[in-house]
Amino acid sequence: MLTEVTGQKALARLQVLAVYVEDLPGVLTRVASLFRRRLFNIASLTVGHTDQPGVSRMTIVMEGDDADALRCEANLYRLVNVLRVENVTHLPAVIRDLALVKVRCPVSARREVLEVCDVFRARVVDMSLDAVIIESTGTEDKIEGLLDLLRPFGIIEMVRTGSVAITRGVDALSVDPQFVHATVPEAVDSSDGGQGGTNVL
Amino acid sequence: MERKGADILWDTLVHAGVEVVFGYPGGAILPAYDALLDSPIRHVLARHEQGAAHMADGYARASGRLGVAIATSGPGATNLVTGIANAMLDSSPVLFITGQVPSWMLGRDAFQEVDMTGITLPITKHNYLVSEASELGHVLEEAIYVACSGRPGPVLVDITKDAMQQSASFAPGTKPVRLPGYRPDLRALPEEFDRAVSMIDEAKRPVVLAGRGVLQSGASDDLLAFLEKTQVPAALTLLGLGCIPASHPLNLGMMGMHGEAWVNLAIQEADLIVALGMRFDDRVTGNLAAYARGARKIHVEIDPSEINKNVQIDVGIVGDIRETLQRLMSRVTAKRRDTWLARIDDMKGDSAVRDIQSLPDNGRLLAAHVISDLWNATQGKALVITDVGQHQMWVAQYYHQETPHRFITSGGLGTMGFGVPAAIGAKIARPDEEVWAVVGDGGFQMTAAELTTCTQEGLKINIALINNGCLGMVRQWQEFFYSKRYAATKLVNPDFVKLAEAHGLAAWRVEQRADVRAAVERARLEPGSVLIDFRVEQEDSVYPMVPAGAGLEDMIRRPSPIVETSQSDW
Ligand SMILES: Cc1ncc(C[n+]2csc(CCOP(=O)(O)OP(=O)(O)O)c2C)c(N)n1
Ligand SMILES: [Mg+2]
């Protein structure tokens with residue numbers, strides 16, 4: 001399970017990767033296909049826009065140890081459309097899931113359901129005569145805890161986003177890939193269009 | 001100026017230095033073929049798209065430049081797939097261009113529509129679907145750049161028919177390729193070099209493992225200088241053969257499943273492994289748990305994802321091999337390592353006695369003898385291309401490579417049928433060289449139709465068909481590991497001489513060792529392409545052999561003295 005702020009160097013069972021990709025058709029398929037063929041297990045994957053046009057950010061939670069995460073990171077960099085990968089598992093980071101839960105809730109149960117929501121700082125976003133929709137953001141742990149308490153009322157339907165993660169502090173993600181000690185030259189640019197390429201003869 | 005997409009295609013390729021493409025036409029790619037007539041590019045018509053793919057790959061490997069293959073949508077495109085995977089696994093820079101149904105029909109199972117970018121996603125370095133003429137030129141320049149830079153590899157550009165028919169303006173080579181996420185030139189930090197240098201200086205029993213990356217970065221001379229200064233011996237992968245001369249005292253020879261015994265033993269006894277441009281394939285490591293246990297490991301690779309993939313590495317250096325060797329060279333200490341080299345010499349033991357070349361001529365023709373005689377007759381100077389199987393391993397063992405870039409073979413994918421078309425591509429890349437394709441009777445039949453391509457193109461290649469009447473390598477596994485239960489490995493073959501003649505080649509048969517050299521000499525004198533049907537011993541095996549999954553020291557050696565193999569089992 002992920003804790004809200006991780007910082008310890010222990011082997012994690014789950015790894016959290018923040019991945020910037022070019023916002024192009026097929027990029028999600030490329031990433032998903034990579035995970036499948038290299039036998040990395042995705043626990044969750046979310047993707048959305050960033051404040052930079054043309055750039056999307058994924059949060060990928062994968063099962064595996066630190067070495068698996070390094071291999072995964074190196075493989076992600078093989079994808080031409082992947083801009084930057086950061087393993088935030090061991091960085092101080094805020095990691096959140098969003099859940100929308102529709103719970104059976106006759107008037108008689110309302111008070112109790114609302115109390116549970118209160119304790120978990122979840123919000124009721126819709127209410128009908130016999131059901132409520134509850135919105136909760138938080139760590140997976142917290143959401144699991146909420147669900148445990150809601151289950152006795154009867155969960156009719158539920159949807160969860162998977163984790164999104166962001167590191168704390170003002171430092172943006174580092175530019176140099178961490179999977180191997182290496183530096184990235186300023187810009188990869190070629191005006192010669194290849195010119196028939198590396199001539200090895 | 002506005003040009004049709006199809007014209008932009010050829011303009012862009014011409015500007016990138018492409019002189020020849022290998023392909024096969026069809027409906028969706030017709031606009032490109034029509035425009036081809038107005039382009040200076042030479043087109044070689046294959047007899048099957050797989051052949052075109054291997055030709056482009058062979059061309060790329062022989063020239064060190066981009067190879068290009070082109071096919072129509074649907075079946076034309078899917079026929080390329082084996083060739084694309086082959087180029088991927090051996091990091092060959094090949095541009096694959098496929099026609100696609102018009103953009104308005106995409107996604108509707110139109111006639112000859114297949115999702116080529118989907119199919120080839122895991123077997124290309126990158127791929128594109130282009131449905132606008134205005135994007136085509138730029139995508140092609142990007143594709144060529146990706147194929148040729150960093151760790152080279154195949155890139156596919158799937159172009160809808162309408163994108164080739166529309167007009168757009170594009171001037172090749174004017175807009176720089178901008179790929180913000182693509183990092184072909186990652187470089188290791190200085191501290192990695194410090195650690196590598198001290199490890200090399202401290203090592204008592206070091207071995208260099210040299211792979212295709214050494215050849216691709218043009219690092220042969222640098223490697224030799226490095227080895228001579230440090231007196232570190234080198235073992236080569238199959239695809240690394242030729243990167244340093246076979247006869248050099250510090251060249252141990254080929255490692256791995258069919259490597260010589262002492263090479264694998266030296267790796268197992270080493271206290272340091274310096275891996276250069278190779279990827280610890282299971283065919284070279286055997287059982288990973290038992291692999292080079294006493295050795296610290298330095299891995300120099302242009303592709304960071306190879307480091308720590310199969311083998312736990314102590315120092316990983318990301319970068320070009322040549323550049324890295326030059327940096328290491330100035331810092332490592334010159335040394336003698338006589339004890340270690342003498343120890344490796346001892347490991348050779350009775351290998352020479354067991355060697356097939358020491359066998360007396362008993363009247364039966366052995367494949368290894370054919371290859372050794374071919375090597376002698378050509379003074380080891382031919383450009384040799386193989387197919388896949390036993391004959392391939394014998395070429396690796398007995399056609400000793402003294403100079404770089406004279407040996408082309410399908411390594412990572414082990415693709416039967418690669419030999420003849422790759423030889424065609426290689427000959428077109430290097431028309432002045434003597435080309436020999438050494439192929440098995442099984443693999444040859446997979447792409448034999450390409451013989452006609454030789455004839456149509458007026459090419460002179462020489463084909464040494466190692467005809468053992470069976471799928472030899474599989475038969476060998478059945479002999480060793482399946483109690484000689486020979487399921488589906490015996491071949492009833494066509495008359496290869498007649499078959500070659502029907503395709504316009506000169507051809508004849510050789511059954512005695514005494515006739516091998518004369519046959520090779522005669523082939524060299526023939527003006528056109530030649531096929532020689534060498535009828536060789538059926539039940540011969542490639543030794544030594546490390547069974548799949550076994551430790552490198554657990555090899556099966558050639559019985560000594562040689563046990564007569566009988567043909568009665570067949
Ligand atoms: C396309 C393909 N199919 C099957 C195989 C499996 N395979 C590897 S070697 C071999 C036998 C090759 O026989 P032949 O071409 O006669 O060569 P030989 O081993 O007899 O020299 C086979 C079937 C392969 N490598 N490639
Ligand atoms: Mg055979």
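The values are calculated or read from the model by the stated rules, or taken from the named source; none is laboratory data. Note that the structure is predicted; figures quoted are calculated from it, not measured. Don't worry about glycine lacking a Cβ; one is built from the backbone with ideal geometry, like all the others, and counts go over all protein chains shown. Calculation scope for accessible area: heavy atoms of the full protein, side chains included, ligands and nucleic acids excluded. Shrake-Rupley method; radii C 1.70, N 1.55, O 1.52, S 1.80 Å.
Antiparallel versus total DSSP beta bridges in the protein assembly as shown: what percent is that, nearest 5?
Working: 52 of 116 bridges.
Approximately 45 percent, going by the DSSP bridge assignments.
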Considering the Cα positions of the protein assembly as shown, please state its Rg to one decimal place and its Dmax as a whole number of Å. 29.4, 102
Given H placed on each backbone N at 1.01 Å, which residues far from A:Gly64 in sequence or on other chains put an amide H within less than 5 Å of it? A:Leu14, A:Gln15
Count charges around A:Asp126 for me, please; just the other residues with Cβ under 14 Å from its Cβ, Lys/Arg as +1, Asp/Glu as -1. +1
How high is the relative contact order of chain B, in percent, counting Cα pairs under 8 Å that sit 6 or more residues apart? 14 percent
Just the accessible area for B:Arg517, please: 1.4 Å probe, Å², rounded to the nearest 10? 110 Å²
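Counting only other chains, what is the mean number of Cβ atoms within 10 angstrom of the Cβ of each residue in peptide B:186-192? It would help to have the intermediate numbers written out before the result.
Numbers: counts 10, 5, 4, 5, 2, 1, 3.
Mean inter-chain Cβ contacts per residue within 10 Å come to 4.
So how do B:Asp387, B:Asp345, B:Asp7 rank on accessible area, 1.4 Å probe, biggest first, that is with the largest at the start? Working shown, then result.
On the way: B:Asp387 0, B:Asp345 95, B:Asp7 35 Å².
Final ranking, largest accessible area leading: B:Asp345, B:Asp7, B:Asp387.
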Over 20 Å between Cα atoms, which of B:Lys4/B:Lys161; B:Lys204/B:Lys229; B:Lys229/B:Lys309; A:Lys102/A:Lys142 qualify? B:Lys229/B:Lys309
Quick one: net charge of A:Arg110's neighbours, Cβ under 14 Å, K/R +1, D/E -1? -3
In Å², what does the accessible area per residue of the stretch B:94-243 work out to with a 1.4 Å probe? 33 Å²
Rounded to the nearest 500, what is chain B's calculated 222 nm mean residue ellipticity when only DSSP H runs of at least 4 contribute -39500 (n - 2.57) each, over all residues? -10000 deg cm²/dmol
Gyration tensor on Cα atoms of the stretch B:264-341, a ≥ b ≥ c root eigenvalues, a/c under 1.5 rounded, else prolate if a/b beats b/c, else oblate, says oblate
Using each residue's phi in the stretch B:369-379, evaluate 6.51 cos²θ - 1.76 cosθ + 1.60 at θ = phi - 60° and report the 3J(HN,Hα) Karplus result to the nearest Hz, with x for Gly and Pro. 5, 4, 5, 5, 5, 4, 4, 4, 5, 9, 6
Considering the alpha-carbon set of the stretch B:190-347 alone, what are its Rg and its Dmax in angstrom? 13.7, 38
With Kirkwood's inverse mean 1/r over C-alpha pairs for Rh, give me the Rg to Rh ratio of the stretch A:94-160, two decimals please. 0.94
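Determine the order of B:His43, B:His48, A:His49, B:His258 by accessible area, beginning with the largest, at a probe radius of 1.4 Å. All intermediate terms of the calculation are to be shown ahead of the outcome.
Details: B:His43 45, B:His48 75, A:His49 150, B:His258 10 Å².
Sorted by accessible area, descending: A:His49, B:His48, B:His43, B:His258.
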Going by the alpha-carbon gyration tensor, a ≥ b ≥ c the square roots of its eigenvalues, is chain B rounded (a/c under 1.5) or, if a/c is not under 1.5, prolate (a/b greater than b/c) versus oblate? oblate
Given the whole protein assembly as supplied and a 1.4 Å probe, what does the accessible area of B:Ile144 come to in Å², nearest 10? 0 Å²
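Give the peptides A:121-131, B:107-117 in descending order of average Cβ contacts within 10 Å, highest first. Please report the intermediate quantities before stating the final value.
Values: A:121-131: 12.9, B:107-117: 15.5.
Most protected by this proxy first, the peptides run B:107-117, A:121-131.
Pull out a ≥ b ≥ c, the square roots of the eigenvalues of the alpha-carbon gyration tensor of the stretch B:2-169, then state rounded if a/c is under 1.5, prolate if not and a/b is larger than b/c, and oblate in the remaining case. Spell out each step's value before the answer.
Details: a/c = 1.43, a/b = 1.19, b/c = 1.20.
Since a/c stays below 1.5, the shape of the stretch B:2-169 is classed as rounded.
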A correct Kirkwood calculation over the Cα atoms of the stretch B:329-440 returns a hydrodynamic radius in Å of 16.4 Å
Heavy-atom SASA rank of B:Asp346, B:Asp320, A:Asp141 (probe 1.4 Å, accessible area, largest first): B:Asp346, A:Asp141, B:Asp320
Once ligands and nucleic acids are excluded and a 1.4 Å probe is used, how much of B:Ser330 is accessible, expressed in Å² to the nearest 10? 90 Å²
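Based on Cβ point charges of +1 for Lys and Arg and -1 for Asp and Glu, what charge dipole magnitude is obtained for chain B about its Cα centre, in debye rounded to the nearest 20? Walk me through the intermediate numbers first.
Details: 53 positive and 68 negative charges, 157 e Å.
That gives a dipole near 760 debye.
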